Amino acid sequence: MKHEPVRHEEAWELLAAAALDALDPDEMAAVMRHARGCERCSAEFGALREAAAQLAFAASAGAVPGSRRAAMRHRLLVHARADEEASTGERSGATVRSSRRLLRSLVAASMLLAASVAVVAWLAHDRARLADALRVASERGTAEQAVSDSLRDAVAERDTLIAGITGEDMSVVSLAANAPRQTWALMFWNRSTNGWTFIAYNLPQPAAGRTYQLWLVTTRGPISAGTFAPASNGEAIVRATYALPRDALKAVAVTDEPTGGVPQPTGPFVVSGTGQNATR
Amino acid sequence: MNPPFPARAYHRASNVVDDDLALVARMATGDESALAAFFDRWHEVVSAMVARILRDADDADDVVEEAFWQVWRQAPRYEAGRGSVQTWLLTIARTRALDRLRAMRRRREESLEDDAASVDARAAGTNTPTPDDPAVGAEHSERMALVRTALQRLPAEQRSALELAYYDGLSQSEIAEQTGQPLGTVKTRVRMALQKLRQALDILREEAR
């Protein structure tokens, strides 16, 4: 039902409910429309809104465990740093084309995209480092052909990774650890190519006889995206190709499983994130 | 006899408000340390409120993080003339929590899952955690006592209407439907309850001057 404009007296009576967001949408819109043009109602609404906000202080809850609080604080600051660096890069002109494309979108983007930019920036930096090493090796001649080939492959690998996470039709899922350890990961889903790129940081090494297994948890159940072990510095990159309907992804998770993997997840979650938190 | 209001909260309030404004101004310039300090000051209050609304620890953590992130991103656009920093922050967090609560309700209705399954034991707790900074912690503790006292002084039906609106995100129509009370009665209760709460807070502010 579309509400007619409200009279001053009528709006005045509804300001408390408006301050609590307890009006039906049409009614709220009508009251707010009046308040915008009425200095008295506007001031009263502001005062009631301040009073309503005080109700937050009446909530009781057990203390959030320090580890969870620290993890949350850490994630916020990492994202803020990436956000700020991306904004700075935007102002000064980024050097990597694919990074720049994503950086431009960051200005109005979400927390996940900010983290994505950090990943792209890290890959771009790593690629530049490898390219420099390749140039030096090439200049030294054929005696180091094997080194040159290896570096060339590494540069190509970085190019593939950057291309895989900066497409036009990307969805990104953020994964976090339940344990206190500061592990976090991102899963990039290129919906156009059905390509999946998983990048994790600070993963602990799996125990002997164990491995990590990556899962796409869908509305029809979990789908294995492969097993992997992190590098010695805790970083891991996994790529897979799998076609999935746009709304089918419920979560992405990594579990600790016996070496060789399992058809269905059995071990504890190492990191996980819900598809609900995915951003595009 | 009603318990006395702890008026000392307002002696410290002006400093807290100034500090909040300074932190938001620093966040607007991209100062991450301001975000860290702001998080440390307000995390406990925001977490308690969001946990009360959602009754689910994992969802609550997500919402709290999203709320602080929104503050960080929107700090350059904060206008002091439109309300205090704490009201701005708490409104952001509550709005996000209620959005999540409504989404959870829709999912529950769709899957016909047991509503009790998501209730977290933390919601039953009565502790009042405080920030690391003793001054901020003391101010928040006193404010908590103040608001709880003000709520206790309200008639039960008014307090219930206020809590259903604030913590459950119900509209007046929904409150009327849930409680079986006439809509007009609910409207009166909501209006009276918030006005009384505001008056109690105003009186204390005057007493503290």
Within 10 Å, count the other beta carbons around each residue, average over each peptide in A:47-55, A:239-247, and list them highest first. A:47-55, A:239-247
Partner chain Cβ atoms within 10 Å, averaged over the residues of B:137-143 - can you pull that number for me? 1
Listed residues B:Met27, B:His43, B:Ser84: farthest to the positive end of the dipole of segment B:13-109 (Cβ charges): B:Ser84
Dimensionless Rg/Rh of segment A:191-280 - Kirkwood Rh, Rg from C-alpha atoms: 0.95
If packing is taken as the average number of other Cβ atoms within 10 Å across a peptide's residues, how do B:53-61, A:20-28, B:176-184 rank, most packed first? B:53-61, A:20-28, B:176-184
Taking the beta-carbon count within 10 Å as an exposure proxy, list B:Ser141, B:Ser173 from fewest neighbours to most. B:Ser173, B:Ser141
What is the mean number of Cβ atoms from other protein chains located within 10 Å of the Cβ atom of each residue in peptide A:17-28, rounded to a whole number? 6
Once you charge only the Cβ atoms, +1 for Lys and Arg and -1 for Asp and Glu, what is the size of the charge dipole of segment A:8-57 about its Cα centre, to the nearest 20 debye? 240 debye
Semi-axis lengths (Å, descending) of the ellipsoid that matches the C-alpha gyration tensor of segment B:154-209: 26, 10, 8
Could you state the number of Å between the C-alpha centres of segment B:161-178 and segment B:43-101? 20 Å
Please give the charge dipole size of segment B:154-209, origin at the Cα centre, charges +1 on K and R Cβ atoms and -1 on D and E Cβ atoms. Round to the nearest 20 debye. 240 debye
Take every residue in peptide A:261-274, count the Cβ atoms of other chains within 10 Å of its Cβ, and give the average of those counts. 0
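A short reminder: the numbers here are calculations on the coordinates, not readings from a lab. Bear in mind that the values here come from a model prediction, so they are computed numbers and not experimental data. Heads up, the Cβs are rebuilt from the backbone with ideal geometry, glycines too, and the neighbour counts pull from every protein chain shown.
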